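Okay, here's the structure, questions in a sec.
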Amino acid sequence: MIILLHWRIFTATLIIGAEGFDFVQPTSFASNSFGRYEIALLCLGMMHFHFGHPKQALEVLTEAVRVSQQQSNDTCLAYTLAAICNLLSAIGISSTTGILGSSYGPVTSIGTSLSIQQQLFVLLRRSLKRADSLKLKRLMASNRLAMAKFDLTHVQRPLLSFGPKASMKLKTCPVNVCKELRLSSHLISEFGTDSSIMITDGAFSTAWLKNLQKPMGSLVLSLENASGANSNAFNFCAQPNSIPGSVLQLLGSSYLLWATAWEIYGSAPLARINALVYATFFANASSSEDVALAYTMLIQHLAVFKGHREAFAALKLVEEKFCSISKSRILLLKLQLLHECALHLGHLKLAQQVCDELGVLASSVTGVDMELKTEASLCHAHTLLAANQFGQKSGNAVLGLPYALASLSFCQSFNLDLLKASATLTLAELWLLLGSNHVERASILVQGALPMILGHGGLELRARAYIAEAKCYLSNPSFSVFENSEVVLDPLRQATEELEVLEYHELAAEAFHLMAMVFDKLGQLEEREEAAASFMKYIKALENPQDEQDPLFNIH
């Protein structure tokens, strides 16, 4: 399962929740005739965005900016800027340039030559500066999280298109991501002294913030065997009315963004623990979409490291928590898992049915449901490849090399360490297909990627690495299987164990085929026949897949 940049962390409730909006009475006397019209526009714009109408949302938010400026409502203006930043970050469609440049003073002054990405960066900086000047700490914390998200997903580029420029590497900056997340956490820790906190919640907030300084990681990891003190601490954190909801949302969003960052950077354990902390402590105070994202991360972790049966068992429990999963992350995850599992087991008919369902779910509106559209296209391509339905020139390793190198370059720019290791492994596999003259180059690539893959990779990626390592030895003319057979057999055994858990028939058949070849050269006939029998078992399963009577597919 590829890594998708799949988060909408700042929802409407985060930006304009009942406790999250720090209202300051406008100074203009004319505001009496408008009341809170600008705030109503802000809420309407976020509602348009929530229901999938990004262009209408931008138009309404632009009007909210104009009215806020007329009424000198700097607080509403700051929140509206943050909402526009969130909207641009989520959709990123080119048509927004015309809307923003038409009647929106702050954006018009940026200049039409800037890209959407650069406009978003300037808006984020202005929104952060305005929130800082107004001492809106909750909004400042939200903007810090938005800056972290921007740094996570965008390559640094110079804003000026002329004049002398300092040298700049076109890469994302993980240091900036960590800095913004830590600054956001620091702002959250100052809420106890923030005058914008509701007076009725002040005592509770102060007590909770003091408790927040205590380490929480050990509590999460030892819930099953919790002592009385830990249980009390958990109950205190879980009190529905102990702290302002906006503070819980901000803190939960920071953990969710940490989980996403670690997932992108390739650290599965850290991604899992942050998602687990979020799901344990902040699920009740967050939007259903963000909770679904946390559950999705944890279930994906199970699928990658424990196999699809474990993931489907967890998915069944999660589905019970959501009354409706139509077009939600949970439904998308369910279809992703079904598609992967169907391909692994050779159920191409079911895989195509899943592709069709994804295509129906994907909206035809530009800028909406981009994750569904991307996943539908990828699933369709994977299904065609599994069915050997590809173009005449396909199957040529030389044609695959530029794509693997481009993938490596992309991973380096965005610091996608685990995906970089996967791309390196793919490049090594391509070199192996070109013949024994390229074995040494392939071996160097495999050995360079192994530490990252074995440390953080899932079952499939580790199995592929083991098989590639064995192929490097077997393809090397100077290697003698009689002198050191275990250096080949050991990774192949590891690969078969991983693939049996994953139930990946095609790769398992390849691993057993290589083992049978090695045993045949060694003259170990009994072991050869055993490996050959396993090979034939998986080949027959691929050629004659059973009907969908497997309990694994009952969830569909």
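The values are calculated or read from the model by the stated rules, or taken from the named source; none is laboratory data. Note that the structure is predicted; figures quoted are calculated from it, not measured. Quick reminder, even Gly has a Cβ in these numbers, built from the backbone with ideal geometry, and neighbours come from all protein chains shown. Accessible surface is based on the protein model in full, side chains and every heavy atom, while ligands, DNA and RNA are left aside. Shrake-Rupley method; radii C 1.70, N 1.55, O 1.52, S 1.80 Å.
Tally the residues that are small (Gly, Ala, Ser) and at pLDDT below 90, restricting the search to the stretch 410-434.
1
Please find, among Ala283, Ala275, the residue that is closer than 30 Å to Lys137 by Cβ, out of contact with any Asp or Glu (no Cβ under 6 Å at 6 or more places or on another chain), surrounded by fewer than 24 Cβ atoms within 10 Å (Cβ to Cβ) and not β-branched (Val, Ile, Thr).
Exactly one of Ala283, Ala275 is closer than 30 Å to Lys137 by Cβ, out of contact with any Asp or Glu (no Cβ under 6 Å at 6 or more places or on another chain), surrounded by fewer than 24 Cβ atoms within 10 Å (Cβ to Cβ) and not β-branched (Val, Ile, Thr), namely Ala283.
Among (1) at negative phi; (2) modelled with pLDDT under 95; (3) open to solvent by 60 Å² or more (accessible area, probe 1.4 Å), there is one condition Gly395 misses while meeting the rest; what is its number?
Of everything listed in (1) at negative phi; (2) modelled with pLDDT under 95; (3) open to solvent by 60 Å² or more (accessible area, probe 1.4 Å), Gly395 misses just condition (1).
Return the residues of the stretch 330-373 that are among the acidic types (Asp, Glu) and either touching a Lys or Arg at 6+ places or on another chain (Cβ under 6 Å) or at pLDDT below 85 (or both); say none if nothing qualifies.
Residues satisfying the conditions are Asp369, Glu371.
Please pick out the residue among Gln69, Gln56 that is assigned to a helix (DSSP H, G or I), surrounded by fewer than 24 Cβ atoms within 10 Å (Cβ to Cβ) and more than 33 Å from the chain's Cα centre (by Cα).
So the residue among Gln69, Gln56 that is assigned to a helix (DSSP H, G or I), surrounded by fewer than 24 Cβ atoms within 10 Å (Cβ to Cβ) and more than 33 Å from the chain's Cα centre (by Cα) is Gln69.
Which residue is most open to solvent (accessible area, probe 1.4 Å), if the candidates are limited to the stretch 37-53 and must be within 24 Å of the chain's Cα centre (by Cα) and in contact (Cβ under 8 Å) with a residue 12 or more places away in the chain?
By that ranking, first place goes to His50.
On to the next question. Take the stretch 443-460 and flag every residue that is part of a helix (DSSP H, G or I), touching a residue at least 40 places away in the same chain (Cβ under 8 Å) and open to solvent by less than 30 Å² (accessible area, probe 1.4 Å).
Of everything in the stretch 443-460, just one residue is part of a helix (DSSP H, G or I), touching a residue at least 40 places away in the same chain (Cβ under 8 Å) and open to solvent by less than 30 Å² (accessible area, probe 1.4 Å), namely Leu459.
If you take the residues in the stretch 107-125 that are more than 27 Å from the chain's Cα centre (by Cα) and of a type outside the set (Ser, Thr, Tyr), which one is modelled with the highest pLDDT?
Only one residue tops the list, namely Leu114.
Can you tell which of Ser267, Ser242, Ser254 is among the hydroxyl-bearing types (Ser, Thr, Tyr) and modelled with pLDDT under 85?
Ser242
Here are some conditions: (1) of a type outside the set (Lys, Arg); (2) at pLDDT below 90; (3) closer than 23 Å to Gly455 by Cα. Ser326 meets all but one. Which one does it not meet?
(3)
If you don't mind, there's one more thing I want to ask. Spot the failing condition for Ala423; the list is (1) open to solvent by less than 20 Å² (accessible area, probe 1.4 Å); (2) over 28 Å from Glu263 (Cα atoms), and only one is missed.
The single condition Ala423 does not satisfy is (2).
Which of (1) small (Gly, Ala, Ser); (2) closer than 16 Å to Pro402 by Cβ; (3) out of contact with any Phe, Trp or Tyr (no Cβ under 9 Å at 6 or more places or on another chain) does Ala423 not meet, given it meets every other one?
Unmet for Ala423, out of (1) small (Gly, Ala, Ser); (2) closer than 16 Å to Pro402 by Cβ; (3) out of contact with any Phe, Trp or Tyr (no Cβ under 9 Å at 6 or more places or on another chain): (3).
Counting only residues that are open to solvent by 50 Å² or more (accessible area, probe 1.4 Å) and touching a residue at least 24 places away in the same chain (Cβ under 8 Å), which one in the stretch 504-534 is farthest from Val304 (Cα to Cα)?
Lys521
Here's the yes/no breakdown for (1) in contact with an Asp or Glu (Cβ under 6 Å, 6 or more places away or on another chain); (2) of a type outside the set (Phe, Trp, Tyr); (3) crowded, with 23+ Cβ neighbours inside 10 Å; (4) not in a helix (DSSP H, G or I):
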position: Arg441; (1), (2), (3), (4): no, yes, no, no
position: Tyr473; (1), (2), (3), (4): no, no, no, no
position: Gln494; (1), (2), (3), (4): no, yes, no, no
position: Glu498; (1), (2), (3), (4): no, yes, yes, no
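Okay, next question. How many residues does the stretch 53-78 contain that are touching a Gly at 6+ places or on another chain (Cβ under 9 Å) and of a type outside the set (S, T, N, Q)?
11
Could you check how many residues of the stretch 467-503 are without any contact (Cβ under 8 Å) to a residue 40 or more places away in the chain and not β-branched (Val, Ile, Thr)?
Residues that pass the stated criteria total 19.
Tyr403 passes all but one of (1) at pLDDT below 95; (2) open to solvent by less than 60 Å² (accessible area, probe 1.4 Å); which number fails?
Against the list (1) at pLDDT below 95; (2) open to solvent by less than 60 Å² (accessible area, probe 1.4 Å), Tyr403 comes up short only on (2).
Separate question: Only one residue in Ile99, Ile93 is farther than 19 Å from Arg144 by Cβ, at pLDDT below 80 and assigned to a loop (DSSP other than H, G, I, E, B). Which one?
Of the residues listed, the single one that is farther than 19 Å from Arg144 by Cβ, at pLDDT below 80 and assigned to a loop (DSSP other than H, G, I, E, B) is Ile93.
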